[in-house]
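Below: the structure, in C-alpha cells.
The values are calculated or read from the model by the stated rules, or taken from the named source; none is laboratory data. This structure is a prediction, so every number in the text was calculated from the model and none was measured. All Cβ positions, even for glycine, are placed from backbone atoms using ideal geometry, and neighbour counts span all protein chains on display.
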Amino acid sequence: MRRYLALVLLACSLARAAADDAKPAASNVPRAEYPRVHPDSRVTFRLKAPDAKKVQVQPGGADNGLGKGPYDMERGTDGTWTVTTPAAVPGFHYYWLLVDGVAVNDPGSETFFGYGKPTSGVEVREKGVDFYDAKDVPHGEVRALWYHSKVTGNPRRAMVYTPPAYDANHKERYPVLYLQHGAGEDERGWTTQGRANFILDNLIAAKKAKPMIVVMDNGYADRADAAPPAAGQPPRFDFGPFEEVLIGELIPKVDATYRTLADRGNRALAGLSMGGMQALQIGLTNPDAFASVGAFSAPPFGKIDATTSYKGAFRDAAAFNKKTRLLWLGAGTAEDRFAAGVKTMRETLDKAGVKHVVYESKGTSHEWQTWRRSLHEFAPLLFTD
C-alpha cells in the first residue's frame with residue numbers, strides 16, 4: 001500500500017510539473033526529469049535519498065542567479081527530496097547538493113568545471129533569446145591544442161575555435177581573439193558553459209562579426225621552479241607566469257599552427273572576471289601584442305589612476321587612442337561590485353580623454369548570461385575599421 005501511495009504521489013507531482021509546462025533543464029544528463037525549469041524561471045530540484053536526514057540545494061555563490069540559498073528540500077514519504085526555488089535569473093548557474101552537510105553533485109545534472117572542481121549546473125532559458133543556440137548555420141570547430149610550456153615545465157592545453165570554412169579555404173588567414181575564463185574555471189568554460197562557439201557561429205552567419213579564430217587557454221600558471229601552493233590553498237593570483245606563457249609561448253604556437261593574421265592589429269585579448277583582469281593587466285601593458293582589449297565583469301576595485309595604472313598605459317591619451325582599436329568594459333547591472341568598478345574606470349577614462357566602450361547587461365549578475373551577452377556585444381566590434 002505504501003508503495004502504491006508513493007507511486008500515486010510521484011505521478012501527481014509529475015502531472016503538476018507537466019501542467020505548468022515545466023521542462024527538464026537543457027543541462028540535464030539524458031532522460032533525467034530533474035532539475036525542471038518552469039515558465040516563470042523557477043527551478044524544481046529532486047533527489048532520491050531515503051536515508052538522508054537533511055538535503056539542501058546550494059547555489060554556487062551569492063550572486064550567481066539562483067539566489068543566496070541554501071534551499072531546504074522537503075522529504076516525501078518515499079525518501080525523495082524536492083524543492084522549488086524562486087524565479088532564477090536567466091542563464092547558466094552552478095550549484096551542488098548538501099546531503100547531511102556533505103557537498104555532492106546532482107546525478108540529474110551534467111557536470112561543469114567551476115569552483116575548481118566538476119560541479120552541477122542548471123540552464124535557465126531566457127525567453128525570446130537564441131543568440132547562443134546551436135542554429136542551422138555553418139558551424140566552426142573547437143579543437144584541442146596541446147603544447148609544452150618551458151615556463152611551467154608542464155604540458156598545457158588550449159581550446160581553439162576555428163570559424164566555418166576554415167578547412168575549405170586554405171589561403172584565408174584570420175584575426176585571433178584570446179579569450180580567458182574566470183576563477184575556478186578552465187579552458188573549457190567558454191565553450192561548455194559560455195557557448196562561445198555558437199555565439200560566434202551565429203554572428204558570423206549573420207555577417208555581424210568577422211570570421212575569427214578564438215583561443216581559450218588555462219589562465220592558471222606557475223613557473224617550473226615555484227613551490228606548489230599549500231594543500232587546501234586557492235591557486236595563486238599572480239598573472240606574471242601566465243603573461244610569460246601567453247606572450248612567449250602560446251601566441252607563437254598559435255601563429256605557427258593556424259592560419260592567423262599574426263600582427264597586433266588582428267589580435268585581441270579579453271576575458272571574464274579573473275580572465276578580464278588578466279586581459280586588462282596583460283593587454284594594456286603589452287600594446288605591441290594586442291590592439292584590442294575586453295574586460296567582462298573585471299575592472300579592479302578601488303581607484304584607477306590614469307597616469308600610473310597599468311604601467312601608465314593611459315598617461316598619453318592621444319597616443320593610446322591612436323594605437324588602440326578597442327577598449328571594451330562590461331558588467332551586469334545586478335553585480336554591484338563589478339558594476340561599480342566599471343563606473344569608476346569609466347569616469348577616470350572619460351576625464352583623461354581615453355576612448356572606450358561600456359556595456360551594461362540588464363538584470364544579470366556575476367554569472368554566465370552576463371558574459372554570453374558581453375561576448376555577443378564585443379565580438380562584432382573586433383577587427384573592424
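Could you tell me whether Phe92 is assigned to a strand (DSSP E or B) and either surrounded by fewer than 22 Cβ atoms within 10 Å (Cβ to Cβ) or touching a Pro at 6+ places or on another chain (Cβ under 8 Å) (or both)? It is false that Phe92 is assigned to a strand (DSSP E or B) and either surrounded by fewer than 22 Cβ atoms within 10 Å (Cβ to Cβ) or touching a Pro at 6+ places or on another chain (Cβ under 8 Å) (or both). Of everything listed in (1) without any contact (Cβ under 8 Å) to a residue 12 or more places away in the chain; (2) over 16 Å from Gln281 (Cβ atoms), the single unmet condition for Thr308 is (2). Of all the numbered requirements in (1) over 17 Å from Leu284 (Cα atoms); (2) outside any strand (DSSP E or B), Tyr359 misses one, and that requirement is (2). If you go through region 25-44 and keep only what is free of Cβ contacts under 8 Å to residues at least 40 places away in the same chain and within 24 Å of the chain's Cα centre (by Cα), you end up with Pro30, Arg36. Candidates in region 362-385 are the residues that are part of a loop (DSSP other than H, G, I, E, B) and of a type in the set (Val, Ile, Thr); of these, the one that is surrounded by the most Cβ atoms within 10 Å (Cβ to Cβ) is Thr364.
Within region 95-146, the set of residues being small (Gly, Ala, Ser) and surrounded by 18 or more Cβ atoms within 10 Å (Cβ to Cβ) comprises Gly108, Ser109, Gly114, Ser120, Gly121, Gly140. Within region 306-313, is even one residue on the phi > 0 side of the Ramachandran plot, assigned by TED's automatic domain parsing to the domain that holds Lys150 and aromatic (Phe, Trp, Tyr)? Looking through region 306-313, at least one residue is on the phi > 0 side of the Ramachandran plot, assigned by TED's automatic domain parsing to the domain that holds Lys150 and aromatic (Phe, Trp, Tyr).
With respect to Gly294, is the statement that it is touching a residue at least 60 places away in the same chain (Cβ under 8 Å), in the same structural domain as Arg188 (by TED's automatic domain parsing) and within 18 Å of the chain's Cα centre (by Cα) true? Even if it seems obvious, please write down each step before you answer.
Values: touching a residue at least 60 places away in the same chain (Cβ under 8 Å): yes; in the same structural domain as Arg188 (by TED's automatic domain parsing): yes; within 18 Å of the chain's Cα centre (by Cα): yes.
Here the answer is yes, as Gly294 does meet what is asked.
What is the residue count in region 286-303 for residues that are surrounded by 15 or more Cβ atoms within 10 Å (Cβ to Cβ) and over 17 Å from Ala331 (Cα atoms)? Matching residues across region 286-303 total 6.
Among the residues of region 144-195, those that are among the small types (Gly, Ala, Ser) and within 18 Å of Tyr132 (Cα to Cα) comprise Gly189, Gly194.
Tell me, please, whether a residue that is surrounded by fewer than 22 Cβ atoms within 10 Å (Cβ to Cβ) and either closer than 24 Å to Ser365 by Cα or touching a Phe, Trp or Tyr at 6+ places or on another chain (Cβ under 6 Å) (or both) can be found in region 269-280. Looking for residues that are surrounded by fewer than 22 Cβ atoms within 10 Å (Cβ to Cβ) and either closer than 24 Å to Ser365 by Cα or touching a Phe, Trp or Tyr at 6+ places or on another chain (Cβ under 6 Å) (or both), one finds at least one in region 269-280, hence yes. Within region 132-158, the set of residues being part of a loop (DSSP other than H, G, I, E, B), on the phi < 0 side of the Ramachandran plot and in contact (Cβ under 8 Å) with a residue 12 or more places away in the chain comprises Tyr132, Asp133, Ala134, Lys135, Val137, Pro138, His139, Gly140, Lys150, Val151, Thr152.
Residue-by-condition table, conditions (1) within 23 Å of Lys23 (Cα to Cα); (2) touching a helix residue (DSSP H, G or I) at 6+ places or on another chain (Cβ under 6 Å):
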site	(1), (2)
Gly114	no, no
Pro118	no, no
Gly121	yes, no
Lys127	yes, no
Ala134	yes, yes
Ala144	no, no
Tyr147	no, yes
Lys150	no, no
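Regarding region 108-131, can at least one residue be identified that is more than 24 Å from Leu272 (Cβ to Cβ), modelled with pLDDT of 95 or more and part of a strand (DSSP E or B)? Taking every residue of region 108-131 in turn, none turns out to be more than 24 Å from Leu272 (Cβ to Cβ), modelled with pLDDT of 95 or more and part of a strand (DSSP E or B).
Can you tell me which residue in region 42-69 is nearest to Ala339 (Cα to Cα), limited to those that are part of a loop (DSSP other than H, G, I, E, B) and modelled with pLDDT of 95 or more?
Arg42
Would you confirm, using the coordinates I've provided, whether Ala221 is within 30 Å of Arg173 (Cα to Cα) and at pLDDT below 95?
Yes, satisfied.
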